[in-house]
Number of protein chains: 2
Amino acid sequence: MLPDKVNLDLSLIAARLEGLEETIIYKLLDRAQFCLNARIYEPGKSGFLGEERRSLFEIRLRMQEQMDAQFGRFMVPEERPFTGELPPSRRSVSLPDTGLRLEKYDVVNLCGPIMAAYRDLLRRLCPAGDDGQYGSGVEHDVYALQAIGRRVHYGALYVGESKFRDDPGKFSALVDKNDSSALLAALTRQEVENAIIARVRVKAAAIQAQANKIVRQIIDPEIIVAFYRDAVIPLTKEGEVLYLKNRKR
Amino acid sequence: MLPDKVNLDLSLIAARLEGLEETIIYKLLDRAQFCLNARIYEPGKSGFLGEERRSLFEIRLRMQEQMDAQFGRFMVPEERPFTGELPPSRRSVSLPDTGLRLEKYDVVNLCGPIMAAYRDLLRRLCPAGDDGQYGSGVEHDVYALQAIGRRVHYGALYVGESKFRDDPGKFSALVDKNDSSALLAALTRQEVENAIIARVRVKAAAIQAQANKIVRQIIDPEIIVAFYRDAVIPLTKEGEVLYLKNRKR
């Protein structure tokens, strides 16, 4: 998803983050067409031959990431895996010079809290109950999670690096002091966050504007707005802090 | 994707088909964010370890369907596979009484012509050239194809059965005469097709209305309209004919 040469100009990074918004909204709206189907998240109730312990959701996520790993997905900095023990890539992925200064991309892996926030979101996003569409439910969960993960990690890594370059002295000093809350404050631009939130609200409404309410589950844009405000944005900043703390000098 | 008991009322089937439109449009728009990347469709140029003959696209489609097969996807009538030699399902899928009268769902498998139409569409949908995003290109191809396949086969099977039930005498006679063109004419409702096309045009515009043209590739709705008019709708009707010719008495 990166151009040949990464430009660490903050406005370009912000534009790229903006371009990922539609994809996240599409995938959340598609998941919302199915009931919550709580059973798919329960360990040991997958009904999947040879899998006694895991939930159907975990099995699907793991198999998807095992496939994706073979295609080289996790060689891309912003594609962080939710599961472990993944096979090596079977193709070479030509990455541009990312400009990132990390020993190992997985030191910035927010998949745990992304997962928790997503699972919590599902209770508001999906109709309650069980429609038996377990396969479709877990399929759309995985696609939504991957889109959210890409956005959070892209922001964490590239916004982190870009802001550092903008004022290396200030950020180095805060890292040296190991002052996470001061780092977080230095990384925060409230007016930018407000603009993102306003934009997501407008898009979530516009994307659904022509849908037939009888055949499509229509989602209150505020549900997606709250997820951006309470999860996507703060987790991205948490990732920026992690990035800066682990950035190679 | 089916309710517990399938209702073969034509207006309900049409509503379900309408609900699938958003998903198709979302997935086409997401694919359009990447260049055509012609190399990913060339056999023998996958760069995928252990795969000398196939294209990267074919490898991805095959692996996706092998995973999906284990989750029982192809036990659902409208989910027809593009590839063959698939593993058995590892879970039991509870299907409602579909009301369909087919010995084997795969006698109505339009995946060949769907694939041809999609590959042709790509040249209009995607920016020309090569952005190196091969993994993302094939990933989005597979998701778009699955959404299109679901829509075409759902229509073929359920619209076919519903129309048959509406006038069994007429359709049985046409099947007995083996008169495909008369069957096609009897299945055609031009005003319904026109309404679908008009709706797709409006949706394709509305879904993109708030996207930032600088960061998202905006697709002329007419490209998607033409695909519906020239591929989705005629292939669905071709599938209805196939369904009726193979329908068990």
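Computed values, structure above
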| item | result |
| --- | --- |
| Residue that is nearest to the other protein chains (Cβ to nearest Cβ), among those in the stretch A:51-63 that are part of a helix (DSSP H, G or I) and touching a helix residue (DSSP H, G or I) at 6+ places or on another chain (Cβ under 9 Å) | A:Met63 |
| Qualifying positions in the stretch A:64-93 - away from chain B (no Cβ under 13 Å) and among the hydrophobic types (A, V, I, L, M, F, W, C) | A:Phe82, A:Leu86 |
| Filter pass, A:Phe48 being modelled with pLDDT of 95 or more, assigned to a helix (DSSP H, G or I) and crowded, with 18+ Cβ neighbours inside 10 Å | no |
| Residue within the stretch B:199-217 that is closer than 30 Å to A:Thr23 by Cα, surrounded by fewer than 20 Cβ atoms within 10 Å (Cβ to Cβ), within 20 Å of the chain's Cα centre (by Cα) and basic (Lys, Arg) present | yes |
| Test: residue in the stretch A:177-192 that is closer than 27 Å to B:Ser136 by Cα and within 19 Å of the chain's Cα centre (by Cα) | no |
| Considering residues of the stretch A:94-106 that are open to solvent by 40 Å² or more (accessible area, probe 1.4 Å) and within 20 Å of A:Gly72 (Cβ to Cβ) only, the residue nearest to the other protein chains (Cβ to nearest Cβ) | A:Ser94 |
| Yes/no for B:Asn246 being away from every other protein chain (no Cβ under 14 Å), surrounded by fewer than 17 Cβ atoms within 10 Å (Cβ to Cβ) and of a type in the set (S, T, N, Q) | yes |
| Breaking point among (1) open to solvent by 50 Å² or more (accessible area, probe 1.4 Å); (2) on the phi > 0 side of the Ramachandran plot; (3) in contact (Cβ under 8 Å) with a residue 24 or more places away in the chain, for B:Asn37 | (1) |
| Tally, over the stretch A:68-93, of residues that are under 23 Å from A:Arg151 (Cβ atoms) and either part of a loop (DSSP other than H, G, I, E, B) or open to solvent by 10 Å² or more (accessible area, probe 1.4 Å) (or both) | 17 |
| Filtered residue count, the stretch B:121-136, keeping only those that are farther than 22 Å from B:Tyr154 by Cβ and either within 22 Å of the chain's Cα centre (by Cα) or within 9 Å of another protein chain (Cβ to nearest Cβ) (or both) | 11 |
| Some residue of the stretch A:219-242 being surrounded by fewer than 14 Cβ atoms within 10 Å (Cβ to Cβ) and either under 23 Å from A:Lys104 (Cα atoms) or basic (Lys, Arg) (or both) | no |
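The values are calculated or read from the model by the stated rules, or taken from the named source; none is laboratory data. None of these values were measured; they are calculated from a predicted model. Virtual Cβ from ideal backbone geometry, glycine too; neighbours counted across all protein chains shown. Heavy atoms of the whole protein, side chains included, go into the accessibility calculation; ligands, DNA and RNA do not. Shrake-Rupley method; radii C 1.70, N 1.55, O 1.52, S 1.80 Å.
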